[in-house]
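Participant: Sharing a structure below in structure tokens format, with a few things to ask.
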Amino acid sequence: MELIDTHCHIYAEEFDADREVLTEEAKASGIGRLLLPNIDLESIAAMHAFCDTHPGFAYPMMGLHPTSVGREYATALAQIESWLPKRPYCAIGEIGMDLYWDKSFLKEQKEVFEEQLRWSIDLDLPVAIHTRDAFPEVFDSLHKVGVERLKGVFHCFTGTPEELEEILSMKRFKIGIGGVITFKKSVLAETIASTPLSAILLETDAPYLAPAPYRGKRNCPAYIWETARKVAGTFGIPLEEIVRITRENALELFRF
Ligand SMILES: [Zn+2]
């Protein structure tokens with residue numbers, strides 16, 4: 001059994017004290033790969049350093065996170081782009097739109113998102129999409145840039161049945177299921193229950209969104225097993241099956 005955590009910020013400073021211990025725990029638990037989405041210019045060095053010390057286990061993405069789009073976005077974006085030819089990336093990410101915290105850079109967020117979507121087409125890489133209070137805007141950009149040439153994942157999906165339907169109608173997009181599905185009041189399990197298994201990926205988004213019974217605490221890669229168990233139960237299949245299927249889905253989508 002090899003479980004793939006398709007979205008994990010193990011390089012974040014929250015893990016500075018025990019990153020290697022947690023990595024060993026993750027490996028021992030059966031996690032075979034971690035995919036690391038970038039955030040901004042500050043996170044790049046730590047992300048690369050972790051991947052360099054864990055070849056064959058940790059795979060970086062490159063992209064500018066929507067909440068990091070501010071006044072200096074053009075400079076940041078140019079520097080992010082300059083990394084793309086320098087080393088292999090498994091995806092462009094994480095990118096998207098976030099209108100939950102702040103709408104003042106809506107126009108810039110959209111421009112940055114669409115530019116990075118175009119990179120993914122040019123490089124034939126998938127995209128890891130972060131969307132919060134911005135589904136209509138994100139769908140609009142995907143269609144504008146060319147949905148038939150794009151592929152990727154809506155990471156940490158927590159949307160409505162209608163939004164799920166729209167994602168699945170785009171054919172080459174999957175949904176990343178994280179710890180939220182284990183929360184008591186979450187309706188996510190109901191929402192995804194009839195989704196084709198070929199569209200499901202597992203993720204932690206560590207250090208954020210720890211699953212029950214760790215909710216509210218720092219999330220760690222090994223906690224992904226709580227999510228995996230819940231997803232297996234949702235679909236009424238054995239744990240080994242969901243691990244195998246989501247692994248195959250990840251191998252098909254991302255570039256390794
Ligand atoms: Zn993330």
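Participant: Are any residues in the range 1-17 open to solvent by less than 40 Å² (accessible area, probe 1.4 Å) and over 18 Å from Cys51 (Cβ atoms), and if so, which ones?
Facilitator: Selection gives Leu3 alone.
Participant: (1) open to solvent by 20 Å² or more (accessible area, probe 1.4 Å); (2) more than 16 Å from the ligand (Cβ to nearest atom); (3) in contact with a His (Cβ under 8 Å, 6 or more places away or on another chain): which one isn't true of Asp52, the others all being true?
Facilitator: (3)
Participant: Let me ask something else about it. Go through the residues of the range 167-178 one by one and say whether even a single one is exposed (fewer than 15 other Cβ atoms within 10 Å of the Cβ), within 16 Å of the chain's Cα centre (by Cα) and more than 16 Å from the ligand (Cβ to nearest atom).
Facilitator: yes
Participant: Kindly indicate whether Ile121 is surrounded by 15 or more Cβ atoms within 10 Å (Cβ to Cβ), of a type in the set (A, V, I, L, M, F, W, C) and either under 18 Å from His7 (Cα atoms) or out of contact with any Lys or Arg (no Cβ under 6 Å at 6 or more places or on another chain) (or both).
Facilitator: Against the criterion (surrounded by 15 or more Cβ atoms within 10 Å (Cβ to Cβ), of a type in the set (A, V, I, L, M, F, W, C) and either under 18 Å from His7 (Cα atoms) or out of contact with any Lys or Arg (no Cβ under 6 Å at 6 or more places or on another chain) (or both)), Ile121 does not qualify.
Participant: Oh, and also: Checking Lys217 against (1) loosely packed, with under 15 Cβ neighbours inside 10 Å; (2) part of a loop (DSSP other than H, G, I, E, B); (3) in contact (Cβ under 8 Å) with a residue 40 or more places away in the chain, only one condition comes out false. Which one?
Facilitator: That leaves (3) as the condition not met.
Participant: Then there's this: Do we have Ile44 as surrounded by 12 or more Cβ atoms within 10 Å (Cβ to Cβ) and within 12 Å of the ligand (Cβ to nearest atom) here?
Facilitator: no
Participant: Return the total of residues in the range 64-86 being within 15 Å of the ligand (Cβ to nearest atom), touching a strand residue (DSSP E or B) at 6+ places or on another chain (Cβ under 6 Å) and not β-branched (Val, Ile, Thr).
Facilitator: 2
Participant: Another question about this same structure. Return the pair list, or none, for Cβ contacts closer than 7 Å from residues in the range 19-39 that are under 21 Å from His155 (Cβ atoms) to residues that are among the charged types (D, E, K, R) and not in a strand (DSSP E or B), at least 6 apart or on different chains.
Facilitator: Note: pairs meeting the criteria are Gly32/Glu2.
Participant: Report yes if Arg172 is within 23 Å of Met61 (Cβ to Cβ) and either of a type in the set (Lys, Arg) or touching a residue at least 24 places away in the same chain (Cβ under 8 Å) (or both), otherwise no.
Facilitator: So Arg172 fits the description; yes.
Participant: Return the residue satisfying two criteria in turn: it lies in the range 79-118 and is in a loop (DSSP other than H, G, I, E, B), farther than 12 Å from Met61 by Cβ and among the hydroxyl-bearing types (Ser, Thr, Tyr), and of such residues it is most open to solvent (accessible area, probe 1.4 Å).
Facilitator: The extreme case among them is Tyr100.
Participant: Among the listed residues Ala212, Ala232, which satisfies the condition of being among the aliphatic types (A, V, I, L, M), over 19 Å from the mean Cα position of the chain (by Cα) and assigned to a loop (DSSP other than H, G, I, E, B)?
Facilitator: Ala212
Participant: (1) of a type outside the set (Asp, Glu); (2) in contact (Cβ under 8 Å) with a residue 24 or more places away in the chain; (3) out of contact with any Pro (no Cβ under 6 Å at 6 or more places or on another chain): which one isn't true of Ala128, the others all being true?
Facilitator: (3)
The values are calculated or read from the model by the stated rules, or taken from the named source; none is laboratory data. Please read all numbers here as calculations on a predicted model, not as lab measurements. Note that we place each Cβ from the backbone using ideal geometry, even for glycine, and neighbour counts take in every protein chain shown. Just the protein is used for accessible areas: all its heavy atoms, side chains included, with ligands, DNA and RNA removed. Shrake-Rupley method; radii C 1.70, N 1.55, O 1.52, S 1.80 Å.
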